[in-house]
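Heads up, the thing below is written out as structure tokens.
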There are 2 protein chains.
Amino acid sequence: MTLFPPDDALQLHRSLIDTAHALADAARAETLAHFRQSGLGAENKAETGFDPVTEGDRAAEAAMRAILAERRPGDGIFGEEYGRTEGTSGLTWVLDPIDGTRGFLSGTPTWGVLIAVCDATGPIYGIIDQPFIGERFEGGLGQAGYQGPLGPRPLKARRGVGLSEALLFSTYPEVGTQAEGELFRRVSARVRLTRYGTDCYAYGLLALGHVDLVIEAGLQRYDVAGPIAVVQAAGGIVTDWNGGPADMGGRLIAAGSPELHAEALAILSGIGSAGDAA
Amino acid sequence: MTLFPPDDALQLHRSLIDTAHALADAARAETLAHFRQSGLGAENKAETGFDPVTEGDRAAEAAMRAILAERRPGDGIFGEEYGRTEGTSGLTWVLDPIDGTRGFLSGTPTWGVLIAVCDATGPIYGIIDQPFIGERFEGGLGQAGYQGPLGPRPLKARRGVGLSEALLFSTYPEVGTQAEGELFRRVSARVRLTRYGTDCYAYGLLALGHVDLVIEAGLQRYDVAGPIAVVQAAGGIVTDWNGGPADMGGRLIAAGSPELHAEALAILSGIGSAGDAA
């Protein structure tokens, strides 16, 4: 953000943060209107050609794009549903209206709306929003915060936990390709507890200090941009499986502390050279 | 319930249902007081000798037992934390104050409080309560209901879904012993989607009509009594892997329809004779 003098920078930061919350509010309404409507799925699909998940996905991204067109017309957009819109400001909004569509489809409450704003260095601010429970994790541009049903909580990753005491999360037990899955299972065999099925929610739990490691593969840019900003703002470390930047997706490891990150990375980086992520 | 003439039976049913909700309310308060306190875990354990999960588990069961002692002193109790208390009424309350302690420990919101009242035939009424989200599933004694953040919803299992279109849930990908896990994976290979990590919450989603199959092994009586009552009240089918009663735990299959239950059971029952459940 060195392009802007301090006062302008503060004003820009305020605009970005306010806009991100406006996007999350809009996506919350659109996704909830379609959540747990699977009982209506068949008829719905016959009428519109889409299932409720696809409808919620598209409605939420369209609502977010309408807000950006009005409030931040110079910014670019990269969305999971409607692709890329070029901008002029050097900033790009990376949007995943429903991260965890399979969880959404089956009624579980750990899918989320992912929102990030990125400059040339990567994500600078992000939100993970869980509309059904009413939880919002935000981080970046000097902010690190959480709001949920029990009120606000500090967003601070847990430190001082070694690999043998760590709680590890991943969405699918397979974790990417056969080779990737084998490396994951080497880490999993060393930790205290491994849990599955949480999609983006796991990054929120890491940022709250309840989970120590999230390891995934086969990710897209829109899957990771929001979570990276949130986890980093909470003091966590996010890289690819070779210790390089993870903000374009592929293989990702998020850890609560640099020490734990190094322990797990030593196992994962056995996969080979950088740049061959799925 | 043929021991009671109709008017007395209605009065008894009202007493049981009111008591069950009072237990769920008390357990909700006690468990939430300990949920997501893992940041304090180490100090807490040093002071009391227990981690927050164990403390929440014990406090919630103690609170429920105190209510039963006052309101239903003749009923027996079988609780996960404090074991068996004999009764004289022929009714037994089966309590699991925190089903999904590993999920609770890691901050995920799909653990639950399980409450059931059983007579000689098995569970006749049950509650699955998720305190953090504020969701309650209840079923039995003529009731089948759900309350959650978006209001009440009908509790009705989905029918007309064949195995190839079914959504299958289980808590752990391993699913019991090696042999049990292999049979599970034969079913999993035939369904549309398999998800993990939900503990008792999966039975609630089945009763709401979003999930079609839940298959687990290595269960205890207190893990299954509440879910069985809820799923059956929603029109679902619950048995062991040989089609017999599942209310003492072991291996369990819950399905939204008799047809789907039969399809999956034909695969699972390959394990051998009845009565050898873990």
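The values are calculated or read from the model by the stated rules, or taken from the named source; none is laboratory data. Just so you know, these numbers come straight off a predicted model, no measurement behind them. With ideal geometry, Cβ positions are generated from the backbone for all residues, glycine too; neighbour counts draw on all protein chains shown. Side chains are part of the model used for accessible areas, which takes the heavy atoms of the whole protein and leaves out ligands, DNA and RNA. Shrake-Rupley method; radii C 1.70, N 1.55, O 1.52, S 1.80 Å.
Quick look at the numbers
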{"item": "The stretch A:137-214: radius of gyration and largest Cα-Cα distance (Dmax), Å", "result": "14.0, 42"}
{"item": "Within 10 Å of each Cβ in A:153-159, the average number of Cβ atoms from other chains", "result": "1"}
{"item": "Residue (of B:His21, B:Thr121, B:Ala69) at the positive-pole extreme of the stretch B:6-154, dipole from beta-carbon charges", "result": "B:His21"}
{"item": "Shape category assigned to the stretch A:6-154 from the gyration tensor of Cα positions, a/c cut at 1.5", "result": "oblate"}
{"item": "Inter-site label distance for B:Ala179 and B:Glu165 at 7 Å from Cα along Cβ, in nm", "result": "3.5"}
{"item": "Label spacing, shortest first and in nm, from A:Arg159 to its equivalents in the remaining copies (7 angstrom along Cα→Cβ)", "result": "5.9"}
{"item": "Mean accessible surface per residue for the protein assembly as shown, computed with a 1.4 Å probe while every protein chain stays in place, in Å²", "result": "38"}
{"item": "Inter-copy spacing of B:Ala9 label points, which lie 7 Å from Cα along Cα→Cβ, given in nm from shortest upward", "result": "7.6"}
{"item": "Label-zone membership for the stretch A:199-223, site A:Arg186, 7 angstrom Cα→C-beta point, backbone N under 11 Å", "result": "none"}
{"item": "Dipole in debye (nearest 20) - the stretch B:163-277, about Cα centre, beta carbon charges: Lys, Arg +1; Asp, Glu -1", "result": "180"}
{"item": "Rg in Å to one decimal, and Dmax rounded to a whole Å, for chain B via C-alpha atoms", "result": "18.3, 55"}
{"item": "Full-stretch length increase - A:Ala66, A:Leu193 - with 0.36 nm per residue and alpha-carbon distance subtracted", "result": "41.5 nm"}
{"item": "Which of A:Gly209, A:Gly244, A:Leu268, positive extreme of dipole for the stretch A:163-277 (C-beta unit charges)", "result": "A:Gly209"}
{"item": "Neighbourhood net charge (14 Å Cβ-Cβ; Lys/Arg +1, Asp/Glu -1) for A:Arg14", "result": "-2"}
{"item": "GluC sites (Glu not before Pro) restricted to DSSP loop in the stretch A:75-155 with at most 15 other C-beta within 10 Å", "result": "A:Glu86"}
{"item": "Neighbouring partner chain Cβ atoms per residue of B:100-113, average, 10 Å criterion", "result": "5"}
{"item": "Amide hydrogen neighbours beyond the local backbone of B:Val211, cut-off 5 Å, H modeled", "result": "B:Leu206"}
{"item": "Pairwise Cα inverse-distance average, inverted: Kirkwood Rh of the stretch A:163-277 (Å)", "result": "13.4"}
{"item": "Kirkwood Rh and Cα Rg combined as Rg/Rh, the protein assembly as shown", "result": "0.99"}
{"item": "In sequence order, calculated HN-Hα J values of the stretch B:121-138 (Karplus, 6.51, -1.76, 1.60; Hz; x Gly/Pro)", "result": "8, x, x, 10, 7, x, 10, 10, 10, 10, x, 5, 6, x, 10, 9, 10, 9"}
{"item": "Protection proxy ranking of B:24-37, A:145-158, B:120-133 - average other beta-carbon atoms within 10 Å, highest first", "result": "B:120-133, B:24-37, A:145-158"}
{"item": "Calculated label separations, B:Gln143, copies of the chain, 7 Å along the beta-carbon direction, nm", "result": "4.2"}
{"item": "Sulfur and carbon atoms: percent of accessible area, the protein assembly as shown [1.4 Å]", "result": "52"}
{"item": "FRET efficiency for B:Asp119 and A:Ala120, using Cβ-Cβ distance with R0 set to 45 Å, rounded to 0.05", "result": "0.05"}
